[in-house]
Amino acid sequence: MEMETWTSQSAPGKQVLLSVVCLALGLALMIAAHRSGVMAGNARAGFMLGALLVAIGGWMLLASTRQNIVIDPTARCISVEDENCLGKKLREIRFDEVAEVQLGYLGKRSNFVTYYYLTLKLHNGEDYPLFSPGRFYPGSSDRATVAGWRRRLEGYLWP
């Protein structure tokens, strides 16, 4: 039974949207604090928070990346291509380099924001995240979905 090539792409639109929201909220706080005329106490704190949000939003906008993952059972290779405003970066991991596939998560159940992803444990001791949080892969907030990805990948690695 021949397995098909598995291709998955992140959703950078959500990264950009989150960046724009941070930028807009930060600018609004900075303008409101500046218009109050008194740059002390709460107004100063609001201005500083706004400046922090602008910095975070700007950094997130520059760092937003489209990620393409191709798992090719014929070539026995996992290719991860990261593309941002500065260019492209390609990482290839051969199947025989992978020692283990683990399920990881980021966030807390109590705040209802949890992202799941896979961690490839490589024979050289390196941990490599696959379907990384913050890349907004469809289904990454559902543990069962990502556990399914793990089973599928393990089926490709060790048929």
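Assuming a ≥ b ≥ c are the square roots of the Cα gyration tensor eigenvalues, decide whether the chain counts as rounded (a/c under 1.5), prolate (otherwise, with a/b larger than b/c) or oblate.
Cα axes put the chain in the prolate bin.
Loop-resident trypsin sites (Lys or Arg not before Pro) (DSSP state other than H, G, I, E or B) in the range 1-86 with no more than 10 further Cβ atoms inside 10 Å of their Cβ are absent. If a/c stays under 1.5 just call it rounded; otherwise compare a/b with b/c (prolate if a/b is bigger, oblate if not). Do that for the range 66-159, with a ≥ b ≥ c from the square roots of the Cα gyration tensor eigenvalues. Note, shape of the range 66-159 comes out oblate.
Would you please classify the overall shape of the range 44-114 from the alpha carbon gyration tensor, given that a ≥ b ≥ c denote the square roots of the eigenvalues, rounded means a/c under 1.5, and beyond that prolate means a/b larger than b/c while oblate covers the rest? In terms of gyration-tensor shape, oblate.
Note on the chain: GNM, Cα springs under 10 Å; of Gly46, Gly125, Gly37, the largest mean-square fluctuation is that of Gly37. Computed with a 1.4 Å probe on the full set of protein chains, the accessible area for Tyr105 sits at about 150 Å². Helix 143-157 axis versus longest C-alpha principal axis of the chain: approximately 40°, rounded to the nearest ten. Ignoring lysines fewer than eight residues from Lys108 along the same chain, the ones with Cα atoms less than 25 angstrom from its Cα are Lys14, Lys121. As a fraction of the 1.4 Å probe accessible area of the range 52-159, surface on carbon and sulfur atoms comes out at 54 percent. The HN-Hα couplings worked out from phi for the range 72-78 by the Karplus form 6.51 cos²θ - 1.76 cosθ + 1.60 (θ = phi - 60°) are 10, x, 6, 7, 6, 8, 10 Hz, whole numbers, x standing for Gly and Pro. For the range 1-135, the solvent-accessible area with a 1.4 angstrom probe is 63 square angstrom per residue.
The values are calculated or read from the model by the stated rules, or taken from the named source; none is laboratory data. Keep in mind it's a predicted model, so treat the numbers as computed, not measured. Positions of Cβ are generated from backbone atoms using ideal geometry, with glycine treated the same way; all protein chains shown enter the neighbour counts. For the accessible areas, the whole protein counts, side chains as well, though only heavy atoms, and no ligand, DNA or RNA atoms are used. Shrake-Rupley method; radii C 1.70, N 1.55, O 1.52, S 1.80 Å.
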